[in-house]
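**Student:** I am attaching a structure below and will ask some questions about it afterwards.
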Amino acid sequence: MKTKQINNERARRAAIVRKGLKYALCILIAVVMLFPMYWMFTTSFKTPMNVAKFPPQWWPNPWTLENYAEIFTQRPFLKYLWNSLYTAVLTTAGVVLFSSLAGYAFAKIKFRGSGILFMVILCGMMMPIEVTIIPIYTALASMGLADNHLGIIIVPMFGYCGAFGTFLMRQNFLTVPSELVQAAKLDGASQPRIFLRIMMPMAVSSISTLVIWTFLQSWNNFLLPLVLLSSSDNFTLPLGISLLSNESGMRWELVMAAATFSSVPILIVFYLCQNKFMASLSMSGMKG
């Protein structure tokens with residue numbers, strides 16, 4: 001009996017040690033992943049002299065708001081922010097709409113050549129934009145969209161973001177039993193009604209994933225606006241941040257201030273979509 005108690009105590013201690021090591025590993029990984037955000041945030045409050053110090057200054061001393069004041073008063077930061085915000089929102093809305101429609105058609109509507117067409121879309125998703133950027137610019141320039149926000153909206157919508165969204169939504173709709181769709185047709189429901197009332201509510205998790213991914217892609221897009229946009233009034237945030245320099249080089253304190261503020265919309269979108277994603281998982285578990 002005593003030996004059994006000793007073995008149980010050893011097993012309990014070993015379990016505590018393993019649990020402690022797991023927590024320590026998770027904390028270490030979290031620190032490594034969060035350190036760049038910490039450095040970005042603290043650097044945005046440093047003076048130019050303290051940014052260039054060696055060894056590095058881990059904590060701003062003194063704290064200053066001059067960097068934020070400069071990007072808002074002396075730089076057209078709000079203009080760049082608005083250009084990025086509304087183009088990202090329109091791109092995300094368009095990708096979700098058209099990808100959901102295309103995904104539903106490929107998953108639940110049988111038509112001739114659907115397999116070949118879907119393979120063409122997948123090939124488009126695998127094609128890097130660096131390969132197609134010159135034909136894209138030539139086509140948009142011929143339509144008068146070279147220096148226009150419409151160009152940086154429709155290219156991701158019907159390009160790489162739309163292709164990925166179509167693949168994602170198709171895979172989601174394939175998990176919906178076809179008997180459910182057939183039952184809705186027997187009840188007299190049309191295809192648009194089936195799509196809106198049955199399929200879309202069951203794809204909330206995939207839509208949330210697509211919203212986060214597309215918004216992030218559009219928000220951080222640098223190459224496409226760099227090639228298409230020429231007037232500074234149309235610049236998006238990545239292009240605007242790249243202009244934060246002077247004769248001596250890049251103003252890193254201004255870059256960090258702009259990056260800190262520009263990360264807020266991404267965090268808001270992620271937080272909202274994460275809540276919807278978790279709610280959809282809870283509802284699916286209750287129904288199961």
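The values are calculated or read from the model by the stated rules, or taken from the named source; none is laboratory data. Model, not experiment: these values are computed from the prediction. As a convention, Cβ positions derive from the backbone with ideal geometry for all residues, glycine included, and neighbour counts pool all protein chains shown.
**Student:** Quick one: in segment 70-81, which of the residues that are in contact with a Leu (Cβ under 9 Å, 6 or more places away or on another chain) and surrounded by fewer than 20 Cβ atoms within 10 Å (Cβ to Cβ) is farthest from residue 166 (Cα to Cα)? Step through it out loud before you land on a result.
**Tutor:** Of segment 70-81, the ones in contact with a Leu (Cβ under 9 Å, 6 or more places away or on another chain) are 70-72, 75, 77, 80-81.
Imposing the further condition that a residue be surrounded by fewer than 20 Cβ atoms within 10 Å (Cβ to Cβ) reduces the set to 70, 72, 75.
On the way: 70: 42, 72: 39, 75: 39 Å.
Within segment 70-81, the match that is farthest from residue 166 (Cα to Cα) is 70.
**Student:** Looking only at helices (runs of 4 or more DSSP H) that fall completely inside segment 1-101, which ones have 1 or more residues that are outside the structural domain of residue 207 (by TED's automatic domain parsing), closer than 22 Å to residue 241 by Cβ and of a type in the set (Phe, Trp, Tyr)?
**Tutor:** Details: elements: 2-43, 48-51, 66-73.
So the answer is 2-43, 66-73.
**Student:** Can you give me the number of residues within segment 181-203 that are surrounded by 13 or more Cβ atoms within 10 Å (Cβ to Cβ), within 22 Å of residue 118 (Cβ to Cβ) and not β-branched (Val, Ile, Thr)?
**Tutor:** 6
**Student:** Give the residue, chosen from 211, 204, that is touching a Cys at 6+ places or on another chain (Cβ under 7 Å), assigned by TED's automatic domain parsing to the domain that holds residue 94 and closer than 26 Å to residue 269 by Cβ.
**Tutor:** Going through 211, 204 in turn, the sole match is 211.
**Student:** State whether the residues of segment 133-155 include one that is in the same structural domain as residue 256 (by TED's automatic domain parsing), surrounded by fewer than 17 Cβ atoms within 10 Å (Cβ to Cβ), within 30 Å of residue 174 (Cβ to Cβ) and at pLDDT below 85.
**Tutor:** The answer is no; no qualifying residue exists.
**Student:** Do the conditions hold for residue 111, that is, is it assigned by TED's automatic domain parsing to the domain that holds residue 236, surrounded by 14 or more Cβ atoms within 10 Å (Cβ to Cβ) and not small (Gly, Ala, Ser)?
**Tutor:** So residue 111 fails the test.
**Student:** Now a separate question. From 152, 207, grab the single residue that is closer than 26 Å to residue 86 by Cβ, β-branched (Val, Ile, Thr), touching a residue at least 60 places away in the same chain (Cβ under 8 Å) and in contact with a Pro (Cβ under 9 Å, 6 or more places away or on another chain). Before the answer, list the steps.
**Tutor:** On the way: 207 fails: in contact with a Pro (Cβ under 9 Å, 6 or more places away or on another chain).
Answer to the selection: 152.
**Student:** A further question follows. Output the residues belonging to segment 109-120 that are modelled with pLDDT under 85 and outside any loop (DSSP other than H, G, I, E, B).
**Tutor:** 114, 115, listed by residue number.
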